[in-house]
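Colleague: There's a structure below that I have some questions on.
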Amino acid sequence: MSAKPDYTLYHPRWYRRRVSVWWWLQKRSYTAFVLRELTSVFVAFFAVVYLWQFHALAQGPEAYARFLARLRTPFFLTLDTVAFLFVLFHAVTWFDLTPKAMVVRLRGKRVPDLVIVSLNYAAWLALSGVVAFMLLRA
Amino acid sequence: MMQRITPLLWLLFSAGGTVAALLFPVHLFLTGLAFPLGWLEAPDYEHLHRLLTHPVIRLYLFVLISLPLFHWAHRFRYTLYDGLQLKHLTALIAVLCYGAALLGTAATAYVLWIIP
């Protein structure tokens, strides 16, 4: 027995079967889980693209025009299409998860999941409309 | 240290996830697809500049870019642990992920600050 055992975050298990790195391909629900987790990569990707847009904007009209031209290349169109699908997947899974992560009670009664999910989608629609209005207003 | 700030990191993760869910689809659809493909006309330089004269818009953009970066950092960190079974690299991965999000946040603040 060592005097000072290493502290581990998890309960130590004496025997562990090796699990393949591809464990998440064995079952559809596992695959959906990992795909959902990977949406975060595309979320970060778009955050960086948006930052890039304002970086270009800070540099002047030519830099902004170059940014717009760059987004018209097949490379970015493909990447943005994939990213859009992943971000949509994130939005839908996130909204559906909200009532499970956050239980809301009104006058002692639990607000039905469907109400919370519907409110999420309503907010989504409304905010999307506002953003489109702001960006498209000529 | 990690134990103490975990609630804060989770809060940033969930706030960022909500921002990304509510606002990224429309921004990405417009900027990444509708404008480049010519379905809709991209806002010109002057239009965006006019929008940016409002401090509220700059604050909005700061939140829009920064919080989802923390959302990514938190989620991606656990994806690396579970997906690639890298539990032994816990500290390194955490530093890299949250460090990148912090760096992105600083860059966002700087860029939004210097736009005239």
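Colleague: Working only within the stretch B:28-47, note down all residues that are facing chain A (nearest Cβ under 8 Å), surrounded by fewer than 20 Cβ atoms within 10 Å (Cβ to Cβ) and aromatic (Phe, Trp, Tyr).
Modeller: If the condition is that a residue be facing chain A (nearest Cβ under 8 Å), surrounded by fewer than 20 Cβ atoms within 10 Å (Cβ to Cβ) and aromatic (Phe, Trp, Tyr), then B:Phe35, B:Tyr45 are the ones that fit.
Colleague: Is it fair to say B:Ala21 is touching a Phe, Trp or Tyr at 6+ places or on another chain (Cβ under 7 Å), surrounded by fewer than 16 Cβ atoms within 10 Å (Cβ to Cβ) and part of a helix (DSSP H, G or I)? Reasoning before the result, please.
Modeller: Values: touching a Phe, Trp or Tyr at 6+ places or on another chain (Cβ under 7 Å): yes; surrounded by fewer than 16 Cβ atoms within 10 Å (Cβ to Cβ): no; part of a helix (DSSP H, G or I): yes.
For B:Ala21, the condition - touching a Phe, Trp or Tyr at 6+ places or on another chain (Cβ under 7 Å), surrounded by fewer than 16 Cβ atoms within 10 Å (Cβ to Cβ) and part of a helix (DSSP H, G or I) - is not met.
Colleague: Inspect the stretch A:45-53 for any residue being assigned by TED's automatic domain parsing to the domain that holds A:Val34, among the hydroxyl-bearing types (Ser, Thr, Tyr) and assigned to a helix (DSSP H, G or I) and give the result as yes or no. Explain how you work it out, then say what you get.
Modeller: In the first step, residues of the stretch A:45-53 are kept if they are assigned by TED's automatic domain parsing to the domain that holds A:Val34; the result is A:45-53.
Next, from what is left, pick out any that are among the hydroxyl-bearing types (Ser, Thr, Tyr): A:50.
Still in the running and assigned to a helix (DSSP H, G or I): A:50.
Within the stretch A:45-53, one or more residues are assigned by TED's automatic domain parsing to the domain that holds A:Val34, among the hydroxyl-bearing types (Ser, Thr, Tyr) and assigned to a helix (DSSP H, G or I).
Colleague: On to the next question. Quick one: in the stretch A:83-112, which of the residues that are β-branched (Val, Ile, Thr) and surrounded by 13 or more Cβ atoms within 10 Å (Cβ to Cβ) is nearest to the other protein chains (Cβ to nearest Cβ)?
Modeller: A:Val87
Colleague: In addition: Only one residue in B:Leu23, B:Leu61 is in contact (Cβ under 8 Å) with a residue 24 or more places away in the chain, facing chain A (nearest Cβ under 9 Å) and more than 30 Å from A:Lys100 (Cβ to Cβ). Which one? Spell out how you get there, then give the answer.
Modeller: Values: B:Leu23 fails: more than 30 Å from A:Lys100 (Cβ to Cβ).
When all the criteria are applied, what remains is B:Leu61.
Colleague: Has the stretch B:56-65 got at least one residue that is over 13 Å from the mean Cα position of the chain (by Cα) and not in a helix (DSSP H, G or I)?
Modeller: no
Colleague: On to the next question. So which of A:Ala126, A:Ala44 is hydrophobic (A, V, I, L, M, F, W, C), closer than 30 Å to B:Trp113 by Cα and in contact with a helix residue (DSSP H, G or I) (Cβ under 8 Å, 6 or more places away or on another chain)? Before you say what the answer is, go through the steps one by one.
Modeller: Working: A:Ala126 fails: in contact with a helix residue (DSSP H, G or I) (Cβ under 8 Å, 6 or more places away or on another chain).
A:Ala44 is the lone residue from the list that is hydrophobic (A, V, I, L, M, F, W, C), closer than 30 Å to B:Trp113 by Cα and in contact with a helix residue (DSSP H, G or I) (Cβ under 8 Å, 6 or more places away or on another chain).
Colleague: State whether the residues of the stretch B:101-108 include one that is at pLDDT 95 or above, β-branched (Val, Ile, Thr), buried (at least 21 other Cβ atoms within 10 Å of the Cβ) and farther than 24 Å from A:Phe89 by Cβ.
Modeller: Keep residues of the stretch B:101-108 that are at pLDDT 95 or above, which gives B:101-108.
The next check asks that each one be β-branched (Val, Ile, Thr); those that pass are B:105, B:108.
Remaining after also requiring buried (at least 21 other Cβ atoms within 10 Å of the Cβ): B:108.
Filter again for farther than 24 Å from A:Phe89 by Cβ, leaving B:108.
Yes, because at least one residue in the stretch B:101-108 is at pLDDT 95 or above, β-branched (Val, Ile, Thr), buried (at least 21 other Cβ atoms within 10 Å of the Cβ) and farther than 24 Å from A:Phe89 by Cβ.
Colleague: Those residues that are more than 15 Å from the chain's Cα centre (by Cα), among the hydroxyl-bearing types (Ser, Thr, Tyr) and either more than 7 Å from every other protein chain (Cβ to nearest Cβ) or surrounded by fewer than 19 Cβ atoms within 10 Å (Cβ to Cβ) (or both), I need them from the stretch A:22-80; list them, please.
Modeller: Matches in the stretch A:22-80: A:Ser29, A:Tyr30, A:Thr31, A:Thr73, A:Thr78.
Colleague: Has the stretch B:75-92 got any residue that is within 16 Å of the chain's Cα centre (by Cα), assigned to a helix (DSSP H, G or I), of a type outside the set (Phe, Trp, Tyr) and facing chain A (nearest Cβ under 8 Å)?
Modeller: Taking the stretch B:75-92 as the starting set, the residues that turn out to be within 16 Å of the chain's Cα centre (by Cα) are B:75-77.
Add one more test, that the residue is assigned to a helix (DSSP H, G or I), and what stays is B:75-77.
If we keep only those that are of a type outside the set (Phe, Trp, Tyr) too, we end up with B:75, B:77.
Subset that is facing chain A (nearest Cβ under 8 Å): B:75.
Scanning the stretch B:75-92, I find at least one residue that is within 16 Å of the chain's Cα centre (by Cα), assigned to a helix (DSSP H, G or I), of a type outside the set (Phe, Trp, Tyr) and facing chain A (nearest Cβ under 8 Å), so the answer is yes.
The values are calculated or read from the model by the stated rules, or taken from the named source; none is laboratory data. What you see is a predicted model; the values in this text were computed from it and never measured. Cβ coordinates were reconstructed from backbone atoms using ideal geometry, including for glycine residues, and neighbour counts include every protein chain displayed.
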